[in-house]
Each structure stands twice: as C-alpha cells, then as structure tokens.
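**Student:** To start, I am sharing the structure in question, which I have written as structure tokens.
The values are calculated or read from the model by the stated rules, or taken from the named source; none is laboratory data. All values derive from a computational prediction rather than experimental measurement. As a convention, Cβ positions derive from the backbone with ideal geometry for all residues, glycine included, and neighbour counts pool all protein chains shown.
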Amino acid sequence: MGDLMRRFWQPALLASELPAPDCPPVRVRLLGEDLVAFRDSDGRVGLLAEHCAHRGASLYFGRVEAGGLRCVYHGWKWDADGACLEMPNEPATSTFKDRVRQPAYATREKAGLIWAYLGPPGTAGDLPGMEWLGLPPDHLHVSKWILEANYLQGMEGEVDSAHISFLHTNYDLDSVGMGEDFGRVSNWRNDLAPALTVNETDYGFVYGSRRNYQDGRRYHWRLTHWLLPTYSLIPGTRWPIGGRCWVPIDDEHTWTFNYWYNADAPIPESDLAWIESGIQVPPVLIPGTFKPVRNKENDYQIDREAQRTRSYTGIYGGGTQDRAIVESMGPIYDRTKEHLVSTDVAVIAARRILLRAARDLQEGRAPGAAAGGSMYRARPVDVISEHAQLGAVLREHADEIQARTERSYLSLVAR
Ligand code: FES
Ligand SMILES: [Fe+2]
C-alpha cells in the first residue's frame, strides 16, 4: 500500500513551516521515512533524506545557506535536488562530490502546502485538481495535526455518514454555531439509518447518504467524494466546506491535513474565528507542536456532565470527537473482528478500491487516478431532493457536483 501511496502527490507539510528563504529546516516523517525539508536562498523547497550521505549525521542540525543545506559534521552541502555542491573535507582536486547524491524527492508548493512525490523518478503525474488548490489564499484555510493511529482508520470516518447522527450529536445545536442550519442538521437525528449508495468514478467514488426528510415526502441527500488515495470532500449546508487528506507518517501515525474553502468569496473573519476555535476542525494544538491539546493522554478532556446533559460524547469539538474514537480503536484495528452493516458500504468500497489499486500496481499497472489534474474537480453537495435514487440526484445536481472549470473560475474572479 505504501508503494501505491507513493504514486500520488501528497501534502508533506504546511508552506508556513518554511516561512522564508534560508529559514531553519524542519523534520518531516512520511511513509516511514525520516526526511528534512528546507527552503533555499531562491525559495525552492528541498525534501532530503534526514541522514547525510557521508556518515549519517542528521541534516536537521544543518545550516541553510547560499543555495543549499550544509551538514554541520564535515560541511558537505546539498542542494534541493540532492546534488552535492561542496565537499570541503576533500582535496580541491577531488571529483567525488559529483558522484554522490543525497536522496531527494520532488516538491511543489500550492494552496498553502508543500506537496511531495515519493514515487519512482519519472512516474509523477499532476497534483490533484480539486477546486481548493486553485483558490486565492484568502478563500482557503489549511491546517494539519497528528492522528495517533493508522491512516485508514482516520480516513474511514470520512465515508461513514451514519456516524454523524450519533458521535456528533449535540443536544444544544445553537451552542455550536449551527443555528441557521438547524433544520437540515437536525435531520441527522430524524433518520438514524441513512441509505448509502456508492458510485465509483475515475478518482475514487462519490457516495450518497439518503435520509428521510422532515416533510415526509422528500429526501435529505449528502453527496461526499472520496478521492484516491486518501482525500475527502465533505458537503455542508453553506460555505466554507472542506475535507481532509490522511498522509501516513508510518503505520501507526498519520498527518491529517485539513482544508476549508469558499469557492465564491474570501472566508470571512467570523468563519475563521469559528474554524480556529477548535469547535470542529482543526483541533487546538499544543503551541509549537502539531499535537492536539485534547489528546488520548487526557481522554480528550471528556466532560461526563456535558455528556449527560448537552452532547452525545461530552468531548468538545467535532474533529476531536472523530479523533478520539478513531484512536480509541488502537493504532491499527484488527478488521477480522468487525461486523459490518449496510451503512458501512462506502468504507467497504474504499478498502476494495485501495486493495485493487495496490494489487494492480504489483502487477505493473499504475493507478490511473495518479495522473491527477481535472478528474479531481468535484464538489460535494448537501441537498433536499424528491429523487430516491443516487443516479437521479447526480443528474439533478450535475453542475454543482462537477465543480467549475479553471477557466470559468478565473472569469468569476475577473468580474
Ligand atoms: S556526516 Fe554529513 S558531512 Fe559528514
Ligand atoms: Fe465525524
């Protein structure tokens, strides 16, 4: 599965972790590999193996200077591509530096993130063309934090619409800032057993969860996209909307990258304050770290009185509720102990698609979705519809679900 993941561009770190040319380097662990990221004098980001190719000193302690990252043990200096620029402990006549390289991965910078391609050289496709990648910075809020569990456990919560009727139920919805959306959100509680339908696509799938609507006549549909290898696009009743990407640090730890976006306008201050409060995602972090304040060591600060009187879990914050429950399964849950039911159909579909893609790759067939680009241009929707079948809802809302093209987006900005 790691080989499959490496065939996709994935977020590696926030661009803000490397705020300026020649700023201090940062450690980045991805897919079980220890790496160091740095921004050179021209602003280019290098992502190198952490341990120096000479004798293994950590380049985290290195000096970022004049176009490269210099190991402080014997002064070898590496550029962003892993070429050795200087080998000052060798005679000036030596050409050895031209023959040794530091392992390095390709990077790109977009949408406030540094993206990395960890696959074999020459196989990289394009960045995924989700609409938030093309938005101006003030239309977008990106963040990251650590999940202390396997990536798949976290990701499975994205395609499990049924859990919102339970885990995320707050008895006092106005207190979590959802007052105006009360009607539709409260519908989560009117129908606890949504009917799920999965529609496979080039990029993964779009699935619809159908709940009976209060009027007894129509349906409340939430159409969520799951995009290879681990992206989600989750519907909401108003902007901003967003989703997450689950990037393995190693088998038992995951970077959760979160994106909120408004395709039409800058995200207003009031929404930014709501986002940063920890009431949903991202969680509030321990300063200087990506570890949430509410974490498994303090039982996510569960408040049993709140659980009796105000919320289903007694845990503050929608994203913290997800993280608590996902980590509570242990670092990698033994799936042979599960008993899956009909609302797990999208979880099953995601597992099958990932396994199929991994087996295909083993047999020499690279994943088509790794080409990235415009096939990822999809939008999630939350709608009330009279249609009972997913196909009919997809047709009814085809214009929204297939998000705007780059060209029409630009013309919108020009207006
Ligand atoms: S270990 Fe890096 S220069 Fe010697
Ligand atoms: Fe959730």
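**Student:** Can you tell me which of (1) closer than 21 Å to PRO120 by Cα; (2) free of Cβ contacts under 8 Å to residues at least 40 places away in the same chain is the one LEU4 doesn't meet?
**Tutor:** (2)
**Student:** Here's something else I'd like to know. Would you point out which residue out of THR230, THR256, THR237 is in contact with a Lys or Arg (Cβ under 6 Å, 6 or more places away or on another chain) and buried (at least 20 other Cβ atoms within 10 Å of the Cβ)?
**Tutor:** Numbers: THR230 fails: in contact with a Lys or Arg (Cβ under 6 Å, 6 or more places away or on another chain); THR237 fails: buried (at least 20 other Cβ atoms within 10 Å of the Cβ).
On inspection, the qualifying residue turns out to be THR256.
**Student:** So in the stretch 333-349, with the set limited to residues that are assigned to a helix (DSSP H, G or I) and among the hydroxyl-bearing types (Ser, Thr, Tyr), which one is surrounded by the most Cβ atoms within 10 Å (Cβ to Cβ)? Quick ask: steps written out before the conclusion?
**Tutor:** Applying the first criterion (assigned to a helix (DSSP H, G or I)) to the stretch 333-349 yields 335-337, 342-349.
Checking the rest, the ones that are also among the hydroxyl-bearing types (Ser, Thr, Tyr) come to 336, 342-343.
Values: THR336: 5, SER342: 10, THR343: 18.
If we take residues in the stretch 333-349 being assigned to a helix (DSSP H, G or I) and among the hydroxyl-bearing types (Ser, Thr, Tyr), then THR343 is surrounded by the most Cβ atoms within 10 Å (Cβ to Cβ).
Per-residue answers, yes or no, for (1) at pLDDT 90 or above; (2) part of a helix (DSSP H, G or I); (3) surrounded by fewer than 15 Cβ atoms within 10 Å (Cβ to Cβ):
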residue	(1), (2), (3)
THR123	yes, no, yes
ASP126	yes, no, yes
ASP138	yes, yes, yes
ILE146	yes, no, no
GLN153	yes, yes, no
LEU167	yes, no, no
SER186	no, yes, yes
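**Student:** Considering only residues that are over 27 Å from ALA369 (Cα atoms) and surrounded by fewer than 16 Cβ atoms within 10 Å (Cβ to Cβ), which ones fall in the stretch 5-38? It would help to see each step written out before you state the result.
**Tutor:** First, pick out the residues of the stretch 5-38 that are over 27 Å from ALA369 (Cα atoms): 16-27, 36, 38.
Hits for the stretch 5-38 are SER16, PRO19, ALA20, PRO21, CYS23, PRO24, ARG27.
**Student:** So which residues in the stretch 85-105 are more than 16 Å from ligand 1 (Cβ to nearest atom) and crowded, with 17+ Cβ neighbours inside 10 Å?
**Tutor:** TYR105, the sole residue that qualifies.
**Student:** Among the residues of the stretch 277-298, are any out of contact with any helix residue (DSSP H, G or I) (no Cβ under 6 Å at 6 or more places or on another chain), buried (at least 17 other Cβ atoms within 10 Å of the Cβ) and at positive phi?
**Tutor:** yes
**Student:** Can you name every residue in the stretch 147-172 that is more than 11 Å from ligand 2 (Cβ to nearest atom) and either aliphatic (A, V, I, L, M) or within 14 Å of VAL341 (Cβ to Cβ) (or both)?
**Tutor:** LEU147, ALA149, LEU152, MET155 - these are the residues of the stretch 147-172 that are more than 11 Å from ligand 2 (Cβ to nearest atom) and either aliphatic (A, V, I, L, M) or within 14 Å of VAL341 (Cβ to Cβ) (or both).
**Student:** What pairs come out if I take residues in the stretch 45-57 that are touching a residue at least 24 places away in the same chain (Cβ under 8 Å) and crowded, with 23+ Cβ neighbours inside 10 Å and pair them with residues that are of a type in the set (Phe, Trp, Tyr) and in a loop (DSSP other than H, G, I, E, B) whose C-beta lies under 8 Å away, six or more apart or interchain?
**Tutor:** These pairs meet every condition: CYS52/TYR73; CYS52/TRP76.
**Student:** Moving to a separate point now. Can you find, within the stretch 277-332, the residue that is farthest from the chain's Cα centre (by Cα) among those that are of a type in the set (Lys, Arg) and part of a helix (DSSP H, G or I)?
**Tutor:** Pass one, the stretch 277-332, residues of a type in the set (Lys, Arg): 291, 294, 296, 304, 308, 310, 323.
So of that shortlist, the ones also part of a helix (DSSP H, G or I) come out as 296, 304, 308, 323.
Numbers: LYS296: 21, ARG304: 31, ARG308: 33, ARG323: 14 Å.
Within the stretch 277-332, the match that is farthest from the chain's Cα centre (by Cα) is ARG308.
**Student:** Given the criteria among the aliphatic types (A, V, I, L, M) and more than 16 Å from ligand 2 (Cβ to nearest atom), does ILE302 qualify? Talk me through it step by step, then tell me what you get.
**Tutor:** Values: among the aliphatic types (A, V, I, L, M): yes; more than 16 Å from ligand 2 (Cβ to nearest atom): yes.
Considered against the rule, which asks whether it is among the aliphatic types (A, V, I, L, M) and more than 16 Å from ligand 2 (Cβ to nearest atom), ILE302 comes out as yes.
**Student:** Look through GLY75, GLY56 and report the one residue that is under 27 Å from ARG6 (Cα atoms), within 13 Å of ligand 1 (Cβ to nearest atom) and not in a strand (DSSP E or B). Lay out the reasoning, then the answer.
**Tutor:** Details: GLY75 fails: under 27 Å from ARG6 (Cα atoms).
That would be GLY56, the only listed residue that is under 27 Å from ARG6 (Cα atoms), within 13 Å of ligand 1 (Cβ to nearest atom) and not in a strand (DSSP E or B).
**Student:** Within the group THR224, THR237, which residue is out of contact with any Gly (no Cβ under 6 Å at 6 or more places or on another chain), in a loop (DSSP other than H, G, I, E, B) and not aliphatic (A, V, I, L, M)?
**Tutor:** Details: THR224 fails: in a loop (DSSP other than H, G, I, E, B).
Selected residue: THR237, the only one of THR224, THR237 that is out of contact with any Gly (no Cβ under 6 Å at 6 or more places or on another chain), in a loop (DSSP other than H, G, I, E, B) and not aliphatic (A, V, I, L, M).
**Student:** Another question about this same structure. List the residue pairs whose Cβ atoms are under 9 Å apart, where the first residue sits in the stretch 80-108 and is without any contact (Cβ under 8 Å) to a residue 40 or more places away in the chain, the second is assigned to a helix (DSSP H, G or I) and within 16 Å of ligand 2 (Cβ to nearest atom), and the two are 6 or more positions apart or on different chains.
**Tutor:** Taking only residues 6 or more apart or on different chains, not a single pair turns up.
**Student:** Right, another one. Taking the condition at positive phi and out of contact with any helix residue (DSSP H, G or I) (no Cβ under 8 Å at 6 or more places or on another chain), does ALA53 pass? Give the steps one after another, and end with the answer.
**Tutor:** Working: at positive phi: no; out of contact with any helix residue (DSSP H, G or I) (no Cβ under 8 Å at 6 or more places or on another chain): yes.
Against the criterion (at positive phi and out of contact with any helix residue (DSSP H, G or I) (no Cβ under 8 Å at 6 or more places or on another chain)), ALA53 does not qualify.
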